[in-house]
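The next block holds one structure in the form of structure tokens; read it before the comments.
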Amino acid sequence: MAKLYFRYGAMGSSKTANAIMVEYNYRERGQRALMLKPRLDTRDGERLIRSRSGMTIECFFIEELDDFNLHAYDCLIVDEAQFLTKPQVERLVEIVDSLGIPVIAYGLRADFRNVPFEGSLWLMAWADTIEEVKTICWCGKKAVCNARVIDGQVAREGEQIVLGGSEAYVSLCRKHWKNGETERK
């Protein structure tokens with residue numbers, strides 16, 4: 001039976017690398033996985049997904065989902081799923097339930113203020129399986145917060161979506177996020 005999976009983790013937890021490896025595993029077994037991301041994620045190029053480890057893969061946009069014959073695919077893999085809208089998550093649920101195609105969505109749970117993203121909120125509500133992809137804070141504890149760093153300081157206000165990688169964000173445990181401590185002093 002097909003399921004909707006939500007695999008979430010703080011920034012730098014290897015979500016994208018995991019997504020690329022899952023696609024590779026499907027391909028290695030002679031199956032087809034459709035790689036998708038939201039159109040607004042332009043950091044690595046228009047139709048490219050890139051992990052921090054350097055792995056890359058071509059992809060399509062979630063907004064193009066209805067342009068495909070989904071029956072030709074054995075799985076859908078969605079990167080940066082936190083940027084999905086509620087209707088897009090509903091469409092993924094429909095694909096799982098009506099077409100019997102598994103969907104694996106990877107994304108952040110919450111933004112730099114620790115406020116859930118729309119896509120993550122609905123994936124948490126509707127996913128059949130929710131799995132955490134873990135990473136650690138500089139102190140060695142589990143990182144659960146994504147801190148936006150501006151001029152060396154943890155930002156507390158601003159737009160929810162500002163694209164960036166390790167130059168703009170750091171994963172912290174809740175204590176160090178709350179205290180605004182991005183490194184050992």
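The values are calculated or read from the model by the stated rules, or taken from the named source; none is laboratory data. Since the structure is predicted, the reported quantities are computational estimates derived from the model, not experimental observations. We place every Cβ from the backbone using ideal geometry, glycine too, and count neighbours over all the protein chains shown. Just the protein is used for accessible areas: all its heavy atoms, side chains included, with ligands, DNA and RNA removed. Shrake-Rupley method; radii C 1.70, N 1.55, O 1.52, S 1.80 Å.
Couple of notes before you dig in:
- Over the range 1-141, relative contact order from alpha-carbon pairs under 8 Å, at least 6 apart, %: 38 percent
- Sulfur and carbon atoms: percent of accessible area, the chain [1.4 Å]: 47 percent
- Subset of Lys86/Lys175; Lys15/Lys86; Lys142/Lys178; Lys15/Lys175 violating a 25 Å alpha-carbon distance limit: Lys86/Lys175
- Note that the range 20-29 has calculated 3J(HN,Hα) couplings of 5, 5, 5, 4, 4, 4, 4, 4, 4, 9 Hz, one per residue in order, obtained from phi through the Karplus relation 6.51 cos²θ - 1.76 cosθ + 1.60 (θ = phi - 60°); glycine and proline are x.
- For Glu131, nonlocal amide neighbours, meaning residues 5 or more places apart or on other chains whose placed amide H falls under 5 Å from its own, are Phe6, Arg7, Tyr8.
- In this structure the amide hydrogen of Ala168, modeled in the peptide plane, comes within under 5 Å of no amide hydrogen from residues 5 or more places off or on another chain.
- Label point at Glu90 placed 7 Å out along Cα→Cβ; residues across the range 31-48 whose backbone nitrogen lies under 16 Å: none
- Most to least packed among 153-160, 73-80 [average Cβ atoms within 10 Å]: 73-80, 153-160
- Projecting the Cα atoms of Ala125, Val149, Phe83 onto the charge dipole of the chain, computed from C-beta unit charges around the Cα centre, puts Val149 farthest toward the positive end.
- Using a probe of 1.4 angstrom and keeping all protein chains present, the accessible surface of the range 42-185 works out to 53 square angstrom per residue.
- When all protein chains stay in place and ligands, DNA and RNA are ignored, the 1.4 Å accessible-area order of Ile49, Ile136, largest first, is Ile136, Ile49.
- When you restrict to C-alpha pairs under 8 Å that are six or more residues apart and normalise by the size of the range 71-143, the relative contact order lands at 32 percent.
- Potential extension, Asn179-Phe60 segment - 0.36 nm per residue separation minus Cα distance: 38.9 nm
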